[in-house]
Amino acid sequence: MKKITALSSLVLLFGLLQLPAHAVQLVVPAYFAPSPANLPPATTPNGTADWNTLITAQQAQRANNQVPIVAIVNPNTGAGDAGDRAYYQQVYTDFANAGGTLIGYVPSGYVGQSINSSASCQASTVAAVVGCAQAYQTLYPNIISGIFVDEFGIQANTTPFPDLNADEVTDLVTNFYTQIYDGIKGIDANWTVFGNPGSNAPPGFLRQGNSGGANTLITYEDVAANYSANRPSDYVNSFPSSTFGNFVLQAPQSSLQSIINTAVSRNVGYIFVTDDGADGNPYDELPTYFANELSIVNNINQAGPIAQQVPEPDTWPMPIVGVGLILAIRYRKRFTAKG
C-alpha cells in the first residue's frame, strides 16, 4: 500500500509538468484602414476587404460558440481625431457587435524617451499616454475593451538613464507603467491592459497587487526564423496563459501549425502569425492564410489544451527534488511506525 501511494504521488507531481493551458485567442494587429463611401481611398488598399473578412470571421466565431477574435486598432499611431473616426467607426462597431474584442493602440515612447512627431499620440509623459487611451473612449465610446501599450520598457541597445544602476532603471520603468496602468483603469476599470516589450521582460512588468503595468505582455515580436530558438523566461509557467502573447512575423504557411503549437506549449494565450513583414510593415494587411490560422486556433480550443513544455534544464531538477521529498517523508513515516 505504501508503494502504491508513493507511486500515485509521483504521478501527480510529474503531472504538474503538463499543466493545462487556457483557451488560446487569435489577436490581430488590425492597422489597416477601410475606405468608406464618399471618402478617398485609404493608405492600405486592402483595408476594406480585410475588415470585412475580420467581421465575417467574428460573426462565424459567435455563431459557432468559438473564442472571440481580438483586434488591436490603430487609426493614427493612437486614436486619431474625428477625421480618422470617419474611416473606422462603422467597421469597429460592426466588429464589436459581432462579439469581437477591440483593443486600442497607444505608443509609450519607451518610457517617454522616443516620440514620433507625426503620431496622433505624443507619448512623452504618463499623463500623455493616459490621455491617448482616453481618446479611444471619446471617439469610440462603449466598443473598446482595453488598451495595447506599445514601446513598453527600454528601447533595445539604448541607455536612456546612464546615471542609474540596473535596479534603479527597472524601478523607474515599472513605476512609469504602473502609473499608466492605474490611469487606464481609471478610464474604465473593466479594460484589459496589454504591454508590448516584444521580448522577454521582468515579471515585475506584470500587474501584481498594486504594481506592474500590464495584464498581458507580448513577449515575442520577431520573425519566424528566430522563434524556435527563443527561450521564454522561466517564470512564465507560474502565470495563466492569458498573461502572454506572441507575434510571429514573416512565417511561411508550412510552419503555421508548428508555430502555434509551440506558442501554446510555451503557455502563450494570445497568438498572431503572419507571412507579412518583408516590406517593413507586418500589420498593414491580414495574413494570406488568415482563415487557416483561425481554424487551427479553433481546433486547438475544441480538442483541449496542449501540454506545456517540460521546463528548461535549469528548472527541471526541481520536480525531482520534490519527488525525493515525497518519498523521504513516506519512508520516514514507515520506519517511524516500525520503531
Note on region 257-280: residues more than 18 Å from the chain's Cα centre (by Cα) and either crowded, with 21+ Cβ neighbours inside 10 Å or free of Cβ contacts under 8 Å to residues at least 40 places away in the same chain (or both) are 257, 258, 275, 276, 278, 279, 280
Here the residues within region 105-121 that are out of contact with any Gly (no Cβ under 6 Å at 6 or more places or on another chain) and closer than 19 Å to residue 213 by Cα are 105, 107, 108, 109, 110, 111, 112, 113, 114
Within region 284-299, residues surrounded by 20 or more Cβ atoms within 10 Å (Cβ to Cβ) and not in a helix (DSSP H, G or I) come out as 284, 285, 286, 287
Scanning region 146-160 residue by residue, those at pLDDT 95 or above and open to solvent by 60 Å² or more (accessible area, probe 1.4 Å) turn out to be none
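Out of all the residues in region 51-60, is one or more modelled with pLDDT under 95 and out of contact with any Phe, Trp or Tyr (no Cβ under 8 Å at 6 or more places or on another chain)?
Within region 51-60, the first condition is being modelled with pLDDT under 95, and the residues that meet it are none.
Scanning region 51-60, I find no residue that is modelled with pLDDT under 95 and out of contact with any Phe, Trp or Tyr (no Cβ under 8 Å at 6 or more places or on another chain), so the answer is no.
Only one of 166, 128, 189 is under 21 Å from the mean Cα position of the chain (by Cα), free of Cβ contacts under 8 Å to residues at least 24 places away in the same chain and either farther than 19 Å from residue 31 by Cα or surrounded by fewer than 18 Cβ atoms within 10 Å (Cβ to Cβ) (or both). Can you tell me which?
Details: 166 fails: under 21 Å from the mean Cα position of the chain (by Cα); 128 fails: under 21 Å from the mean Cα position of the chain (by Cα).
On inspection, the qualifying residue turns out to be 189.
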(message) in contact (Cβ under 8 Å) with a residue 24 or more places away in the chain, in a loop (DSSP other than H, G, I, E, B) and of a type in the set (S, T, N, Q): is that true of residue 155 in this structure?
(response) yes
Residue 48 fails exactly one of (1) at pLDDT below 95; (2) open to solvent by 40 Å² or more (accessible area, probe 1.4 Å), namely (1)
Taking region 241-256 and the residues there that are open to solvent by 10 Å² or more (accessible area, probe 1.4 Å) and under 15 Å from residue 292 (Cα atoms), the one that is farthest from the chain's Cα centre (by Cα) would be 254
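To keep it simple, each residue is scored yes or no on (1) at pLDDT 95 or above; (2) on the phi < 0 side of the Ramachandran plot.
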residue	(1), (2)
135	yes, yes
163	no, yes
167	no, yes
196	yes, yes
203	yes, yes
212	yes, no
243	yes, yes
Expected output for region 82-97 (first residue touching a residue at least 12 places away in the same chain (Cβ under 8 Å) and among the β-branched types (Val, Ile, Thr), partner open to solvent by 30 Å² or more (accessible area, probe 1.4 Å) and part of a helix (DSSP H, G or I), Cβ below 9 Å, 6+ apart or cross-chain) is 91/48; 91/52
Inset, instruction - Say whether the condition of being out of contact with any helix residue (DSSP H, G or I) (no Cβ under 6 Å at 6 or more places or on another chain), in a helix (DSSP H, G or I) and over 22 Å from residue 214 (Cα atoms) is met by at least one residue in region 95-104. - result: yes
Those residues of region 61-89 that are assigned to a helix (DSSP H, G or I) and either hydrophobic (A, V, I, L, M, F, W, C) or in contact with a Phe, Trp or Tyr (Cβ under 9 Å, 6 or more places away or on another chain) (or both) come to a total of 6
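The values are calculated or read from the model by the stated rules, or taken from the named source; none is laboratory data. This is a predicted model, so every value here is computed, not measured. Neighbour counts run over all protein chains shown; Cβ positions are idealised from the backbone, glycine included. Each accessible area value is taken on the protein alone, full model and side chains, heavy atoms only, with ligands, DNA and RNA left out. Shrake-Rupley method; radii C 1.70, N 1.55, O 1.52, S 1.80 Å.
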